[in-house]
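The next block holds one structure in the form of structure tokens; read it before the comments.
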Amino acid sequence: MRRLSWSMLISIAALVAVLIGTVLAFMYQEGKHANWLDFALPVVAGAMVLVRERYPVAALIIVSLATLAYYPTAAYDGPLIILPFLVLYTAADKGHLTAAIVTAAVCLLGLGVGEMGPVRHVDNSTFLLITGWMVAAVAAGGVTRNRRAYLREVEQRAIEAEHGREEEARRRESEERLRIARELHDVLGHNISMINVQASAALHGLRKRPEDAEQALETIKQASKETLRELRTTLGVLRQVDEDAPTAPAASLARVGELVAASGLEVRTEVSGALDGVPTEVDLAAVRIIREALTNVSRHSGTDTATLAITHESGRIVISVEDEGPGSDYADGSGFGLQGMRERATALGGTLQAGPRPGGGFRVLATLPLQAGRTRQKESR
């Protein structure tokens, strides 16, 4: 069973009060002869009050006209005056504020003109009281509508804010997945690739040149040890281990010699400017880019030599890795390794270019601004 709303209950209560008041006026106001308007006008006005929510303007006009016609023409003075206040409030509450103001003004004007005759039905105080009630009804309807609109706006903003938080959480989750993928690729890809190359060399020279095989196996041992150390470090960061826990020193530009030696290549290194004191995030990105670029040389270039140039100038680190191998046209910039390097550089506000050299071979050129790394360190604190 459908429950009646508060608005309908109020309408029914007002209608019952008007009808009871009309009947009481008929019973106790002796010496007057009732006419059909004494009952027809309250019924019409009451019926429109019941549908005021659906037809606010129609109810406003009909109830007002019925009330204006009731008191001059009906024999008995029933409490029909309460119904215009109700429809004025409803019209203003439904957004028909102009119609409510105009109707209230017309009703007051009609009441004032009607009271200019020799016989007055209301005195000045009663007229002012009616005026005050009409103004209050219109004002209350407008305030209620504005408050409802404000609550809807607040609710909508809350929904949008929640949606924004969900979008931000999804964005951060996606960025974190990409970061983990880059870390694992950089940590495992380089060393495992080198292990594969050295294992192939060891198998090839095991019988003919045992000393080369022994050296290759030693390189495999060191590379696997480095891989495990890097993997433990990465997993420790991902698990957010205690900051005071002892960890092995991470690779750094300041120890670029170790980084080059671990590549298994013959690398001509050129360093310009001091490499110590580089912001941690820039240092890490630079190391990852160098390692990935050397890994690509080892995998795809067809040569075991490369040139590494690191320049610290004008508040930036410039890294160049070049080779002259015959297979160096392998990449078009869409591989996961190149994509990871480019993402690292872009995340710091830098750039990365990778492609074949005009004279043959392949070149990776990265520019990393130092200021971005310092800013990120301050924000993390």
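The values are calculated or read from the model by the stated rules, or taken from the named source; none is laboratory data. Everything numeric in this text was worked out from a predicted model, so none of it was measured. Every residue, glycine as well, gets a Cβ built from its backbone with ideal geometry; the counts of neighbours run over all protein chains shown. These area figures cover heavy atoms from the full protein model, side chains too; ligands, DNA and RNA do not enter into them. Shrake-Rupley method; radii C 1.70, N 1.55, O 1.52, S 1.80 Å.
List the residues of the stretch 282-314 whose backbone N lies under 14 Å from a point placed 7 Å from the Cα of GLN215 along the Cα-to-Cβ direction. Flagged as within label range: 304-305. Largest to smallest in accessible area, the residues TRP133, TRP36 fall in the order TRP36, TRP133 (1.4 Å probe, all protein chains included). For SER298, the accessible area of its heavy atoms, probed at 1.4 Å with every protein chain present, is near 30 square angstrom. Taking 0.36 nm per residue of separation and subtracting the Cα-Cα distance, full extension of the segment from ALA17 to ASN35 would add 4.5 nm. Here r is the Cβ-Cβ distance between ALA140 and GLU173 and R0 is 51 Å; the resulting FRET efficiency, rounded to 0.05, is 0.55. The 3J(HN,Hα) values that the Karplus relation (6.51, -1.76, 1.60; θ = phi - 60°) gives for the stretch 286-294 are, in residue order, 5, 4, 5, 5, 4, 4, 5, 5, 5 Hz. Gly and Pro appear as x.
Once the 1.4 Å probe is applied to the protein heavy atoms, the stretch 249-313 comes out at 41 Å² accessible per residue. In plain terms, the chain from TRP133 to GLU258 could stretch by 36.0 nm, reckoned as 0.36 nm per residue minus the Cα-Cα distance. Subtracting the Cα-Cα distance of VAL51 and SER314 from their residue separation scaled by 0.36 nm leaves 86.9 nm.
Protein heavy-atom surface of the stretch 123-164, 1.4 angstrom probe: 63% of the accessible area is carbon and sulfur, with nucleic acids and ligands not counted.
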